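Worksheet for the structure shown next.
Throughout, read-outs are computed from the coordinates displayed, never taken from laboratory work. All figures in this text were calculated on a predicted structure; none of them were measured in a lab. Cβ coordinates were reconstructed from backbone atoms using ideal geometry, including for glycine residues, and neighbour counts include every protein chain displayed.
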Amino acid sequence: MNAPGRVLLGLSVAAATLAAHAAAPSSTTAPAPPAALAEVQRVLDARVDAVRRGDREGFLATVDPVAPAGFRLAQASSFDGLRSLPLASFSLTARLDDTGDLGADLSPRYGGAPTFLPETRMRMRFVDYDDRDDVESLFLTFVRRGDRWYVAADADLAPLGVDGFRGLWDQGPVAVQRTAHFLVLSHPPDAGRARNLAAVAEEAIARLDQRWTEPWSHRVPLILPASVDELGLILQSTFDLDNFVAFVAYGAVRDRDWEATAPRIYIQDRNLSRYGRDDQVRTLTHELDHVAVAPIAGPSIPSWVHEGVADWVALGRRTDERDPAGSDGHLPLDYEFTVGGRDAINLSYAESRSVMSFLAARRGVGAPAELIRTLGAEKVVPGSEELQVDQALTRVAGLDTAQLEKEWAAR
């Protein structure tokens, strides 16, 4: 499954909505001074420098001296986890561009001290396995004690549904395993299963290379959470993860136009581990196609294209697959890939895959890749997603969405 940019975009929209409320501080709030952004940036720079140098005490010196012991312990675990990662680059930047200050009403919670809560944008890149930055949003609360600012909390907005990113490494040091194409991260007790998954993934990438010719880096991090609950926390999922086996996640930076961030594969191993070897390889071939698409992705690609192409590639690029039993003859909508129960979700995947089979039969096996490349090329354009899909289909296959549905269903 692939949800490019949706988690980050959802956070940005929610945070922007909250900013309108937070912009009018109450009379009991001590407002952050204008210099707060530059001052908290120095705090973030100190944290980055401490991670780079391995200075645990220096990192913890940026934490509010009166913060609860549990928060301080969690911050220590995050530092230890970050230090275990093979980081090529790591940065933290305080930003007001999208959210403003979301901490204007938090001062009473901190004894009347000035508070400040901008977006903290985290960028990181893994040595040898990322060709672009992973970009995530944190929502750290800063509090001023005397003449210094400190990090006081990282979940003050959670009751409002605004969650900052949580990584596997926030629980402490991770086990790191490298293969020719995969950086596999897990908790140390799961290193054995992670090693097995690395072998499955190498088999899957060999299979993908026989079926996908678009250029991509052929290197990607693969992350094995310890539980479905931990996976849900990392993905900030709003749907039932029990219906899935693996995910690809990447964000979208919209500062200029639309730029995909570094993809990661996440494993829901309570389900995947129940599969036989060949089904595990097929699953990871599907996910790897999502990774390969990331460099050419754009904001106007609907789920039926993303998932249809990936499943069509994973199952061998057939050209004779008809619409499945139970299909209503309509292209599935985005939400139908995440809700409605396992059978309904599987039907959406099968419908999308059979559409790609139809396109391949009509225009050649290169047509599905050409469709996704054509859609992805449009980063900032006027008009709806439906219009972009109609135009791309006309260019690639000589028919619009309505004609596609009619001919596919009648096949």
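Side notes on the structure shown:
- Among Val43, Val381, Val143, the largest mean-square fluctuation in a Gaussian network model of the chain (Cα springs under 10 Å) belongs to Val381.
- Of the trypsin sites (Lys or Arg not before Pro) found in the range 189-294, the ones in coil according to DSSP and having at most 13 other Cβ atoms within 10 Å of their Cβ are Arg256, Arg274.
- Prolate/oblate/rounded call for the range 296-382, Cα gyration tensor, a/c under 1.5 rounded: oblate
- Rounded to 5, the percent of DSSP beta bridges in the chain classed as antiparallel: 75
- One quarter of the convex hull surface built on the alpha carbon atoms of the range 108-255 amounts to 12.1 nm², the projected area averaged over directions.
- Linear extension gain, Gln403 paired with Asp131, 0.36 nm per residue minus alpha-carbon span: 94.0 nm
- Karplus-derived 3J(HN,Hα) values for the range 166-175, using 6.51 cos²θ - 1.76 cosθ + 1.60 with θ = phi - 60°, are 10, x, 3, 6, 5, 8, x, x, 10, 7 Hz; glycine and proline are entered as x.
- Whether the range 39-97 is rounded, prolate or oblate, judged on the alpha carbon gyration tensor where a/c under 1.5 counts as rounded: oblate
- Volume in Å³ per residue [convex hull over Cα atoms, computed for the range 255-351]: 136
- Rounded to the nearest 0.05, the FRET efficiency derived from the C-beta distance between Asp255 and Leu333 at R0 = 41 Å is 0.90.
- HN-Hα J in Hz across the range 340-346 - Karplus 6.51, -1.76, 1.60, θ = phi - 60°, x for Gly and Pro: x, x, 4, 5, 5, 5, 4
- For the options Ala260, Ala198, Ala155, a Gaussian network treatment of the chain with springs between C-alpha atoms closer than 10 Å singles out Ala155 as fluctuating the most.
- Taking every DSSP beta bridge that has both ends in the range 174-294, the antiparallel portion is near 60%.
- The simple spin-label model puts a point 7 Å past each Cα toward its Cβ; for Ala199 and Glu385 those points are separated by 4.0 nm.
- Were the residues from Arg95 through Glu214 laid out at 0.36 nm apart, the gain over their Cα-Cα distance would be 39.3 nm.
- Formal net charge of residues neighbouring Arg264 (Cβ-Cβ distance under 11 Å; K, R +1; D, E -1): -4
- Amide H contacts under 5 Å for Gly164: Phe139, restricted to partners 5 or more places along the chain or on a different chain, H placed in the peptide plane at 1.01 Å from N.
- Largest-first ellipsoid semi-axes for the chain, taking √(5λ) over the Cα gyration tensor eigenvalues, angstrom: 41, 25, 18
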